[in-house]
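S.K.: Mind looking over this structure? Questions follow.
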Amino acid sequence: MARISARLADNAPGDYFVDDSCIDCETCRIVAPRVFERSDRLGLSVVSRQPRTPEDGLRARMALVSCPVSSIGSASKVDVHDAVAALPDPIEGDVFYCGYAAESSFGAASYLVRRGDGNVLVDSPRAARPLMDRIAALGGVSTMFLSHRDDVADHAQYARRFGCTRVMHRADVGPGTRDVEQVLEGDEPMRLAPDLLAVPLPGHTRGSQALLYRDRFLFTGDHLWAAEGGEGLDASSSVCWYSWTEQIRSMKKLLAFDFEWVLPGHGPRFHATAPRMRVALEKLIARMAAPR
Ligand code: SF4
(Lines give C-alpha, C1' and ligand atoms only; values in the text may rest on other atoms or scores of the structure.)
Protein backbone atom coordinates (compact mmCIF):
# COMPACT_ATOMS: atom_id res chain seq x y z
CA MET A 1 0.00 0.00 0.00
CA ALA A 2 1.29 3.46 -0.88
CA ARG A 3 2.43 5.51 2.11
CA ILE A 4 1.24 9.10 2.28
CA SER A 5 4.27 9.90 4.45
CA ALA A 6 6.45 8.92 1.47
CA ARG A 7 4.44 10.97 -1.05
CA LEU A 8 6.78 12.39 -3.71
CA ALA A 9 7.13 16.18 -3.59
CA ASP A 10 6.51 16.54 -7.34
CA ASN A 11 2.94 15.18 -7.16
CA ALA A 12 0.20 17.69 -7.99
CA PRO A 13 -1.65 18.65 -4.78
CA GLY A 14 -4.78 16.58 -4.17
CA ASP A 15 -6.09 13.13 -3.37
CA TYR A 16 -4.02 10.84 -5.62
CA PHE A 17 -0.27 10.51 -5.17
CA VAL A 18 2.76 8.36 -5.98
CA ASP A 19 5.15 7.47 -3.17
CA ASP A 20 8.90 6.93 -3.21
CA SER A 21 8.64 3.17 -3.87
CA CYS A 22 7.91 3.82 -7.58
CA ILE A 23 10.18 1.80 -9.90
CA ASP A 24 9.47 3.93 -13.00
CA CYS A 25 7.89 1.03 -14.89
CA GLU A 26 5.60 3.36 -16.92
CA THR A 27 2.41 1.37 -16.31
CA CYS A 28 0.47 4.30 -14.80
CA ARG A 29 1.54 6.65 -17.60
CA ILE A 30 0.17 4.24 -20.19
CA VAL A 31 -3.07 3.48 -18.32
CA ALA A 32 -3.81 7.08 -17.30
CA PRO A 33 -1.63 9.47 -19.31
CA ARG A 34 -3.73 12.50 -18.38
CA VAL A 35 -3.08 11.91 -14.67
CA PHE A 36 0.46 10.53 -14.44
CA GLU A 37 3.68 11.73 -15.96
CA ARG A 38 7.39 11.14 -15.47
CA SER A 39 9.25 13.60 -13.32
CA ASP A 40 12.62 13.93 -15.06
CA ARG A 41 13.99 15.47 -11.89
CA LEU A 42 13.16 12.34 -9.86
CA GLY A 43 13.24 9.73 -12.63
CA LEU A 44 9.91 8.44 -11.26
CA SER A 45 6.22 8.79 -12.03
CA VAL A 46 4.11 11.40 -10.27
CA VAL A 47 0.54 12.66 -10.45
CA SER A 48 0.87 15.54 -12.87
CA ARG A 49 -2.78 16.52 -12.75
CA GLN A 50 -5.44 15.33 -10.34
CA PRO A 51 -8.41 13.70 -12.14
CA ARG A 52 -11.07 16.24 -13.05
CA THR A 53 -13.48 14.01 -14.94
CA PRO A 54 -15.12 10.69 -14.03
CA GLU A 55 -13.17 9.05 -16.88
CA ASP A 56 -9.82 10.34 -15.58
CA GLY A 57 -10.77 9.21 -12.08
CA LEU A 58 -11.50 5.71 -13.34
CA ARG A 59 -8.22 5.62 -15.30
CA ALA A 60 -6.33 6.75 -12.16
CA ARG A 61 -7.89 3.91 -10.14
CA MET A 62 -7.10 1.41 -12.92
CA ALA A 63 -3.47 2.60 -12.67
CA LEU A 64 -3.64 2.26 -8.89
CA VAL A 65 -4.63 -1.42 -9.06
CA SER A 66 -2.22 -2.08 -11.95
CA CYS A 67 0.90 -0.60 -10.32
CA PRO A 68 3.21 -3.55 -9.68
CA VAL A 69 4.60 -2.20 -6.41
CA SER A 70 1.55 -0.41 -4.93
CA SER A 71 3.20 2.99 -5.20
CA ILE A 72 -0.04 4.79 -6.07
CA GLY A 73 -2.34 5.87 -3.30
CA SER A 74 -5.26 8.09 -2.52
CA ALA A 75 -5.47 10.09 0.69
CA SER A 76 -9.23 9.39 0.84
CA LYS A 77 -8.68 5.64 0.35
CA VAL A 78 -10.81 5.71 -2.76
CA ASP A 79 -12.99 2.69 -3.63
CA VAL A 80 -11.45 0.77 -6.55
CA HIS A 81 -14.30 -1.63 -7.35
CA ASP A 82 -15.06 0.15 -10.62
CA ALA A 83 -11.39 -0.15 -11.68
CA VAL A 84 -11.35 -3.86 -10.90
CA ALA A 85 -14.46 -4.31 -13.05
CA ALA A 86 -12.91 -2.27 -15.90
CA LEU A 87 -9.93 -4.61 -16.32
CA PRO A 88 -9.02 -6.17 -18.68
CA ASP A 89 -9.31 -2.91 -20.61
CA PRO A 90 -10.50 -3.14 -24.25
CA ILE A 91 -8.00 -1.90 -26.85
CA GLU A 92 -9.86 -2.78 -30.03
CA GLY A 93 -12.33 -5.53 -30.82
CA ASP A 94 -11.43 -8.69 -28.95
CA VAL A 95 -8.01 -7.51 -27.73
CA PHE A 96 -7.60 -6.26 -24.15
CA TYR A 97 -4.85 -4.89 -21.93
CA CYS A 98 -4.82 -6.86 -18.66
CA GLY A 99 -3.43 -4.34 -16.17
CA TYR A 100 -2.25 -5.79 -12.82
CA ALA A 101 1.42 -5.60 -13.80
CA ALA A 102 3.89 -7.82 -11.97
CA GLU A 103 7.03 -6.53 -10.29
CA SER A 104 8.97 -9.61 -11.42
CA SER A 105 8.48 -8.52 -15.04
CA PHE A 106 9.21 -4.88 -14.16
CA GLY A 107 5.61 -3.93 -14.81
CA ALA A 108 5.44 -5.42 -18.32
CA ALA A 109 2.10 -5.18 -20.11
CA SER A 110 0.15 -8.35 -20.81
CA TYR A 111 -2.79 -8.78 -23.15
CA LEU A 112 -5.87 -10.98 -23.48
CA VAL A 113 -7.23 -12.00 -26.88
CA ARG A 114 -10.77 -13.37 -26.85
CA ARG A 115 -11.24 -15.96 -29.59
CA GLY A 116 -13.90 -18.47 -30.47
CA ASP A 117 -11.17 -21.11 -30.64
CA GLY A 118 -9.81 -20.30 -27.20
CA ASN A 119 -8.49 -17.18 -25.54
CA VAL A 120 -4.83 -16.23 -25.64
CA LEU A 121 -2.97 -14.52 -22.82
CA VAL A 122 0.14 -12.74 -24.09
CA ASP A 123 2.75 -12.64 -21.32
CA SER A 124 1.84 -12.87 -17.68
CA PRO A 125 0.11 -10.33 -15.51
CA ARG A 126 0.23 -10.57 -11.73
CA ALA A 127 -1.75 -13.53 -10.43
CA ALA A 128 -4.25 -11.27 -8.67
CA ARG A 129 -7.50 -13.04 -7.81
CA PRO A 130 -9.80 -10.24 -9.11
CA LEU A 131 -8.07 -10.28 -12.51
CA MET A 132 -8.05 -14.07 -12.71
CA ASP A 133 -11.76 -14.12 -11.93
CA ARG A 134 -12.43 -11.49 -14.61
CA ILE A 135 -10.42 -13.50 -17.14
CA ALA A 136 -12.38 -16.61 -16.17
CA ALA A 137 -15.62 -14.70 -16.79
CA LEU A 138 -14.29 -13.72 -20.23
CA GLY A 139 -13.73 -17.37 -21.16
CA GLY A 140 -10.47 -18.28 -19.42
CA VAL A 141 -7.17 -18.94 -21.17
CA SER A 142 -6.36 -21.71 -23.68
CA THR A 143 -2.93 -20.50 -24.78
CA MET A 144 -0.39 -18.41 -22.93
CA PHE A 145 2.15 -16.92 -25.31
CA LEU A 146 5.39 -15.96 -23.55
CA SER A 147 7.25 -13.42 -25.66
CA HIS A 148 10.56 -13.85 -23.84
CA ARG A 149 12.14 -14.85 -20.56
CA ASP A 150 11.75 -11.48 -18.75
CA ASP A 151 7.97 -11.20 -18.90
CA VAL A 152 6.85 -14.62 -17.66
CA ALA A 153 5.92 -13.37 -14.13
CA ASP A 154 3.17 -15.59 -12.65
CA HIS A 155 2.82 -17.91 -15.68
CA ALA A 156 2.72 -21.05 -13.51
CA GLN A 157 -0.26 -19.81 -11.50
CA TYR A 158 -2.18 -18.97 -14.69
CA ALA A 159 -1.35 -22.40 -16.09
CA ARG A 160 -2.59 -24.05 -12.90
CA ARG A 161 -5.84 -22.10 -12.80
CA PHE A 162 -6.71 -22.31 -16.51
CA GLY A 163 -4.89 -25.44 -17.72
CA CYS A 164 -3.56 -23.43 -20.66
CA THR A 165 -0.77 -24.37 -23.06
CA ARG A 166 2.22 -22.11 -22.51
CA VAL A 167 4.21 -21.35 -25.67
CA MET A 168 7.82 -20.21 -25.42
CA HIS A 169 10.94 -20.27 -27.55
CA ARG A 170 13.54 -22.87 -26.63
CA ALA A 171 16.33 -20.29 -26.40
CA ASP A 172 14.59 -18.46 -23.54
CA VAL A 173 13.40 -21.45 -21.53
CA GLY A 174 15.08 -21.44 -18.11
CA PRO A 175 14.71 -23.10 -14.72
CA GLY A 176 11.43 -21.29 -13.98
CA THR A 177 9.86 -22.17 -17.34
CA ARG A 178 11.21 -25.64 -18.10
CA ASP A 179 7.72 -27.16 -17.72
CA VAL A 180 6.05 -25.01 -20.41
CA GLU A 181 3.88 -27.18 -22.63
CA GLN A 182 4.92 -26.03 -26.14
CA VAL A 183 8.53 -25.12 -26.93
CA LEU A 184 9.24 -23.52 -30.31
CA GLU A 185 12.55 -24.06 -32.11
CA GLY A 186 14.49 -22.23 -34.79
CA ASP A 187 14.02 -18.81 -36.35
CA GLU A 188 11.21 -19.49 -38.85
CA PRO A 189 7.66 -18.23 -38.15
CA MET A 190 5.39 -20.94 -36.80
CA ARG A 191 1.61 -20.98 -37.26
CA LEU A 192 -0.11 -21.79 -33.97
CA ALA A 193 -3.63 -21.45 -35.44
CA PRO A 194 -5.08 -19.98 -38.66
CA ASP A 195 -5.19 -16.53 -37.00
CA LEU A 196 -2.06 -16.81 -34.82
CA LEU A 197 1.53 -16.71 -36.03
CA ALA A 198 4.58 -16.90 -33.76
CA VAL A 199 7.48 -14.92 -35.21
CA PRO A 200 10.91 -15.56 -33.64
CA LEU A 201 12.77 -12.24 -33.22
CA PRO A 202 16.18 -12.86 -31.65
CA GLY A 203 17.81 -9.68 -30.42
CA HIS A 204 16.52 -8.36 -27.11
CA THR A 205 16.98 -11.94 -25.91
CA ARG A 206 17.97 -15.00 -27.97
CA GLY A 207 14.48 -16.46 -27.65
CA SER A 208 12.36 -13.31 -28.13
CA GLN A 209 9.29 -13.83 -30.27
CA ALA A 210 6.28 -11.81 -31.38
CA LEU A 211 2.73 -13.01 -31.87
CA LEU A 212 0.81 -11.83 -34.92
CA TYR A 213 -2.97 -12.06 -34.53
CA ARG A 214 -5.27 -11.77 -37.55
CA ASP A 215 -2.58 -9.93 -39.52
CA ARG A 216 -3.55 -6.88 -37.49
CA PHE A 217 -2.19 -7.04 -33.94
CA LEU A 218 1.52 -7.64 -33.32
CA PHE A 219 2.44 -8.39 -29.71
CA THR A 220 6.10 -7.50 -29.58
CA GLY A 221 7.41 -8.14 -26.06
CA ASP A 222 10.50 -5.96 -25.62
CA HIS A 223 11.50 -6.00 -29.29
CA LEU A 224 9.57 -2.98 -30.55
CA TRP A 225 7.36 -0.16 -29.23
CA ALA A 226 6.07 3.30 -30.16
CA ALA A 227 8.50 6.19 -30.11
CA GLU A 228 8.05 8.80 -27.40
CA GLY A 229 5.37 11.25 -28.48
CA GLY A 230 3.56 8.52 -30.43
CA GLU A 231 5.10 9.26 -33.82
CA GLY A 232 6.82 6.21 -35.26
CA LEU A 233 8.46 3.17 -33.74
CA ASP A 234 11.42 2.61 -31.46
CA ALA A 235 13.79 0.01 -30.05
CA SER A 236 16.86 0.50 -27.91
CA SER A 237 20.32 -1.01 -27.78
CA SER A 238 20.46 -0.03 -24.10
CA VAL A 239 17.93 -2.77 -23.30
CA CYS A 240 19.24 -5.29 -25.82
CA TRP A 241 20.55 -8.23 -23.77
CA TYR A 242 21.54 -10.60 -26.60
CA SER A 243 22.58 -8.98 -29.91
CA TRP A 244 21.80 -5.62 -31.53
CA THR A 245 22.89 -6.98 -34.91
CA GLU A 246 20.40 -9.81 -34.53
CA GLN A 247 17.71 -7.39 -33.39
CA ILE A 248 18.17 -5.33 -36.56
CA ARG A 249 17.94 -8.52 -38.63
CA SER A 250 14.79 -9.51 -36.76
CA MET A 251 13.30 -6.04 -37.32
CA LYS A 252 13.79 -6.48 -41.08
CA LYS A 253 11.99 -9.80 -40.85
CA LEU A 254 8.85 -7.94 -39.74
CA LEU A 255 8.69 -6.15 -43.12
CA ALA A 256 7.28 -9.40 -44.52
CA PHE A 257 4.08 -8.98 -42.49
CA ASP A 258 1.13 -6.62 -42.46
CA PHE A 259 -0.07 -5.34 -39.09
CA GLU A 260 -1.73 -2.22 -37.71
CA TRP A 261 -1.04 -2.43 -34.00
CA VAL A 262 2.24 -2.78 -32.11
CA LEU A 263 1.41 -3.92 -28.58
CA PRO A 264 4.62 -4.06 -26.54
CA GLY A 265 5.59 -5.36 -23.12
CA HIS A 266 7.17 -2.05 -22.22
CA GLY A 267 6.63 1.33 -23.78
CA PRO A 268 3.70 2.88 -25.59
CA ARG A 269 1.49 1.17 -28.17
CA PHE A 270 1.51 2.19 -31.81
CA HIS A 271 -1.48 2.15 -34.14
CA ALA A 272 -1.31 2.96 -37.85
CA THR A 273 -2.49 1.69 -41.19
CA ALA A 274 -0.39 -1.17 -42.54
CA PRO A 275 1.35 1.06 -45.14
CA ARG A 276 2.16 3.68 -42.49
CA MET A 277 3.37 0.97 -40.16
CA ARG A 278 5.73 -0.27 -42.86
CA VAL A 279 7.16 3.23 -43.36
CA ALA A 280 7.65 3.60 -39.60
CA LEU A 281 9.40 0.24 -39.49
CA GLU A 282 11.69 1.12 -42.41
CA LYS A 283 12.63 4.41 -40.71
CA LEU A 284 13.40 2.61 -37.47
CA ILE A 285 15.54 0.00 -39.24
CA ALA A 286 17.52 2.80 -40.91
CA ARG A 287 18.07 4.47 -37.52
CA MET A 288 19.08 1.19 -35.88
CA ALA A 289 21.61 0.42 -38.61
CA ALA A 290 23.12 3.93 -38.71
CA PRO A 291 26.68 4.21 -37.35
CA ARG A 292 26.70 5.33 -33.72
S1 SF4 B 1 2.86 2.06 -12.16
FE2 SF4 B 1 3.69 2.35 -10.12
S3 SF4 B 1 5.84 1.72 -10.24
FE4 SF4 B 1 5.10 1.95 -12.32
S5 SF4 B 1 5.68 4.06 -12.87
FE6 SF4 B 1 3.58 4.15 -12.05
S7 SF4 B 1 3.76 4.57 -9.87
FE8 SF4 B 1 5.77 3.91 -10.62
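S.K.: Answer yes or no: is there a residue in the stretch 68-76 that is among the polar types (S, T, N, Q) and at positive phi.
M.R.: Yes, the stretch 68-76 contains at least one residue that is among the polar types (S, T, N, Q) and at positive phi.
S.K.: Go through the stretch 92-102 and give me each residue that's on the phi < 0 side of the Ramachandran plot and either modelled with pLDDT under 95 or out of contact with any Leu (no Cβ under 7 Å at 6 or more places or on another chain) (or both).
M.R.: Answer for the stretch 92-102, where residues must be on the phi < 0 side of the Ramachandran plot and either modelled with pLDDT under 95 or out of contact with any Leu (no Cβ under 7 Å at 6 or more places or on another chain) (or both): Glu92, Asp94, Val95, Tyr97, Ala101, Ala102.
S.K.: Quick check, is Phe270 modelled with pLDDT of 95 or more, within 19 Å of the chain's Cα centre (by Cα) and under 26 Å from Glu92 (Cα atoms)?
M.R.: For Phe270, the condition - modelled with pLDDT of 95 or more, within 19 Å of the chain's Cα centre (by Cα) and under 26 Å from Glu92 (Cα atoms) - is met.
S.K.: Whether any residue in the stretch 125-134 is out of contact with any Phe, Trp or Tyr (no Cβ under 6 Å at 6 or more places or on another chain), of a type in the set (A, V, I, L, M, F, W, C) and closer than 19 Å to Leu263 by Cβ is what I want to check. Walk me through it before giving the result.
M.R.: Residues of the stretch 125-134 that are out of contact with any Phe, Trp or Tyr (no Cβ under 6 Å at 6 or more places or on another chain), as a first pass: 127, 129-130, 132-134.
With of a type in the set (A, V, I, L, M, F, W, C) added as a condition, the list becomes 127, 132.
So of that shortlist, the ones also closer than 19 Å to Leu263 by Cβ come out as none.
No, there is no match, as no residue in the stretch 125-134 is out of contact with any Phe, Trp or Tyr (no Cβ under 6 Å at 6 or more places or on another chain), of a type in the set (A, V, I, L, M, F, W, C) and closer than 19 Å to Leu263 by Cβ.
S.K.: While we're here: Within the stretch 217-225, does at least one residue satisfy the condition of being touching a Pro at 6+ places or on another chain (Cβ under 7 Å) and surrounded by fewer than 24 Cβ atoms within 10 Å (Cβ to Cβ)?
M.R.: Looking through the stretch 217-225, at least one residue is touching a Pro at 6+ places or on another chain (Cβ under 7 Å) and surrounded by fewer than 24 Cβ atoms within 10 Å (Cβ to Cβ).
S.K.: A further question on this structure: Looking only at the stretch 154-197, count how many residues are surrounded by fewer than 16 Cβ atoms within 10 Å (Cβ to Cβ) and among the aliphatic types (A, V, I, L, M).
M.R.: 1
S.K.: Considering the stretch 98-110 alone, what residues qualify as being in contact with a Pro (Cβ under 6 Å, 6 or more places away or on another chain) and away from the ligand (no atom under 12 Å from the Cβ)?
M.R.: Selection gives Cys98, Ser110.
S.K.: Of all residues in the stretch 42-79, how many are more than 15 Å from the ligand (Cβ to nearest atom), among the basic types (Lys, Arg) and either more than 25 Å from Pro90 (Cβ to Cβ) or surrounded by 16 or more Cβ atoms within 10 Å (Cβ to Cβ) (or both)?
M.R.: 1
S.K.: Further question: For Phe259, which of the numbered conditions (1) touching a Gly at 6+ places or on another chain (Cβ under 7 Å); (2) surrounded by 21 or more Cβ atoms within 10 Å (Cβ to Cβ) fails to hold?
M.R.: Result: Phe259 fails condition (1) only.
S.K.: Inside the stretch 98-129, can you point out the residues that are free of Cβ contacts under 8 Å to residues at least 60 places away in the same chain and outside any loop (DSSP other than H, G, I, E, B)?
M.R.: Of everything in the stretch 98-129, those that are free of Cβ contacts under 8 Å to residues at least 60 places away in the same chain and outside any loop (DSSP other than H, G, I, E, B) turn out to be Ser104, Leu112, Leu121, Arg129.
S.K.: (1) among the acidic types (Asp, Glu); (2) farther than 20 Å from Leu263 by Cβ; (3) buried (at least 22 other Cβ atoms within 10 Å of the Cβ): which one isn't true of Asp151, the others all being true?
M.R.: So Asp151 meets the others, but not (2).
S.K.: Still on this structure, I have one more. Can you go through Asp56, Asp82 and tell me which one is over 22 Å from Asn11 (Cα atoms) and at pLDDT 95 or above?
M.R.: Asp82
S.K.: For the stretch 243-253, what are the residues that are buried (at least 18 other Cβ atoms within 10 Å of the Cβ) and either part of a loop (DSSP other than H, G, I, E, B) or touching a Leu at 6+ places or on another chain (Cβ under 6 Å) (or both)?
M.R.: Hit for the stretch 243-253 is Ser250, nothing else.
S.K.: Identify, from the list Arg114, Arg170, the residue that is closer than 19 Å to Arg216 by Cα and among the basic types (Lys, Arg).
M.R.: Exactly one of Arg114, Arg170 is closer than 19 Å to Arg216 by Cα and among the basic types (Lys, Arg), namely Arg114.
S.K.: Moving to a separate point now. Quick test of your reading of the structure: Arg134 fulfils all but one of (1) in a helix (DSSP H, G or I); (2) without any contact (Cβ under 8 Å) to a residue 40 or more places away in the chain; (3) under 30 Å from Ile4 (Cβ atoms). Name the failing condition by number.
M.R.: With respect to (1) in a helix (DSSP H, G or I); (2) without any contact (Cβ under 8 Å) to a residue 40 or more places away in the chain; (3) under 30 Å from Ile4 (Cβ atoms), Arg134 is out only on (2).
S.K.: Does Pro90 satisfy being more than 14 Å from the ligand (Cβ to nearest atom), surrounded by fewer than 18 Cβ atoms within 10 Å (Cβ to Cβ) and not hydroxyl-bearing (Ser, Thr, Tyr)?
M.R.: Yes, satisfied.
S.K.: Output the strands (runs of 3 or more DSSP E) that fall wholly within the stretch 149-238 and possess 3 or more residues being closer than 19 Å to Ala109 by Cβ, or say none.
M.R.: By residue number, 165-169, 196-200, 209-213, 217-221.
The values are calculated or read from the model by the stated rules, or taken from the named source; none is laboratory data. On a predicted model such as this, the values are computed, not experimentally measured, just so you know. Glycine also receives a Cβ, built like all others from the backbone with ideal geometry; neighbour counts cover every protein chain displayed.
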